[in-house]
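What follows is a single structure, written as structure tokens, with notes after it.
Rule-based calculations on the coordinates, nothing more; no lab input. What you see is a predicted model, and the numbers here were worked out from it, not measured in a lab. Backbone-built Cβ (ideal geometry, glycine too); neighbour counts: all protein chains shown.
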Amino acid sequence: LDAVWEKDLREKRELIDHWLEKLLPSLNSVPQVLHEAMRYSVMAGGKRLRPMLALYAYAANDKDPLDIIKPACALEYIHTYSLIHDDLPCMDDDDLRRGKPTVHKKFSEAIAVLAGDALHAYAFELLGTAGESRIVSEVAQAIGTSGMLGGQICDIMAENKAVSLDEIERIHSRKTGALIRVSLRIGAILGGMNEKDLEYLTRYGEKLGLAFQIMDDILDVIGETGVMGKTVGKDNADGKATYPRVAGLKQSEKIARELVDSAKKDIRNMIRPFKVFEMLSDLVISRRS
Ligand code: IPE
Ligand code: IPE
Ligand code: MG
Ligand code: MG
Ligand code: MG
């Protein structure tokens, strides 16, 4: 990885972490326990991929990422809410997230449900500050029944069932791909990107999002709990519909690589091709956490 990009990534990440912390409701205000749980889950860490994508898409038009830091943080709050709920006993029933006990383990199930709801609601308050109704409805759609939630319910219903490659692709594109895709679009739309480039960036986002979840499935097989910060091997134990289960490990790796190669072509087709997106797509494949 290029040293210049490495520095840029680190700085963006620090900016995001700083604002994520700053924008959260104060621990001194009521309901304290809910604010504590929100902070606990958000600040436990994480790669911050979704706000990162939004900031880069915005910066592509020579703009200052700080302009859209609130909507960018909103994307990470939504993502964190989805993880808190995904880990609940009634969903994937996980005890470890971002290297720490899950919210329902540390606090309680009721607090986990409500902290997730609170992050979800607060995210839309922040998205509204951009004064652009289009981004609010795009995010709502991306995480609704045709997007993330649609994917999540199909993921649950597909447990211990035979699923086809088409079905697993649909599940993964919705449960994870939709939020990644819209994160890029939010940044691009707010940055005033031209329609043609927005279309290519969207296609890139679809492939990147799918590849990201395929890698998540692969890492559940070949990754390490200590590095991942979540319990590996659990998908198999739960009979989850995953790429390795449907296509095998080698084939899954091949599909992910092909998606990334194809995503890079979309970037190169842009009127203004932004190299950083090619680099980010490589990171999705080479990641170990
Ligand atoms: C985990 O997402 C859940 C998926 C959608 C695959 P990330 O791998 O982005 O988790 P964090 O934010 O880095 O913890
Ligand atoms: C989670 O997928 C997708 C969402 C939270 C929307 P997974 O269930 O595979 O994520 P992990 O492996 O628990 O992080
Ligand atoms: Mg899940
Ligand atoms: Mg899970
Ligand atoms: Mg997973």
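At-a-glance table
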read-out: Dipole axis of segment 51-144 (+1 Lys, Arg; -1 Asp, Glu on Cβ), positive-most option in HIS120, LEU96, ALA142; value: LEU96
read-out: Segment 153-233 - Rg and Dmax from Cα coordinates, angstrom; value: 15.3, 45
read-out: Convex hull volume per residue in cubic angstrom - Cα atoms of the chain; value: 120
read-out: Lysine-lysine proximity count for segment 222-289, Cα under 27 Å, sequence distance 8 or more or distinct chains; value: 14
read-out: Summed side-chain charge close to LYS105 - residues other than LYS105 whose Cβ falls under 12 Å, Lys, Arg +1, Asp, Glu -1; value: -2
read-out: ³J(HN,Hα), Karplus 6.51/-1.76/1.60, whole Hz, each residue of segment 259-272, x for Gly, Pro; value: 4, 5, 4, 5, 4, 5, 5, 4, 5, 5, 7, 5, 4, 10
read-out: Rounded to whole Å, sorted largest first: equivalent-ellipsoid semi-axes of segment 178-289, Cα gyration tensor; value: 29, 14, 12
read-out: Dimensionless Rg over Rh [segment 9-93; C-alpha; Kirkwood]; value: 1.02
read-out: Separation between Cα centres of segment 27-41 and segment 62-107, rounded to whole Å; value: 14
read-out: Under-5 Å amide H pairs with ARG97, H placed in peptide plane, nonlocal only; value: THR102
read-out: Theoretical ellipticity at 222 nm over the chain - DSSP helices of four or more residues, -39500 (n - 2.57) apiece, nearest 500; value: -22000 deg cm²/dmol
read-out: Gyration tensor (alpha-carbon) shape descriptor, segment 119-198, a/c threshold 1.5; value: oblate
read-out: Segment 140-283, dipole about Cα centre (Lys/Arg Cβ +1, Asp/Glu Cβ -1), debye to the nearest 20; value: 300
read-out: Separation between Cα centres of segment 109-144 and segment 246-289, rounded to whole Å; value: 28
read-out: Environment charge at ASP94 (Cβ cut-off 10 Å; Lys +1, Arg +1, Asp -1, Glu -1); value: -2
read-out: Residue-wise HN-Hα coupling along segment 179-184, computed from phi with Karplus coefficients 6.51, -1.76, 1.60 (Hz; x: Gly, Pro); value: 6, 5, 4, 6, 4, 5
read-out: Proximal charge balance of LEU198 [Cβ under 12 Å; K/R count +1, D/E count -1]; value: +1
read-out: Those GluC sites (Glu not before Pro) in segment 146-240 that DSSP places in a loop and that have at most 15 other beta carbons within 10 Å; value: GLU159, GLU224
read-out: Point-charge dipole on Cβ atoms (K/R +1, D/E -1) for the chain, about Cα centre, debye to 20; value: 420
read-out: Listed residue (ILE214, HIS85, VAL4) projecting farthest to the positive dipole end of the chain, Cβ model; value: VAL4
read-out: Sorted largest first, extent of segment 1-160 alpha carbons per principal axis (Å); value: 45, 37, 36
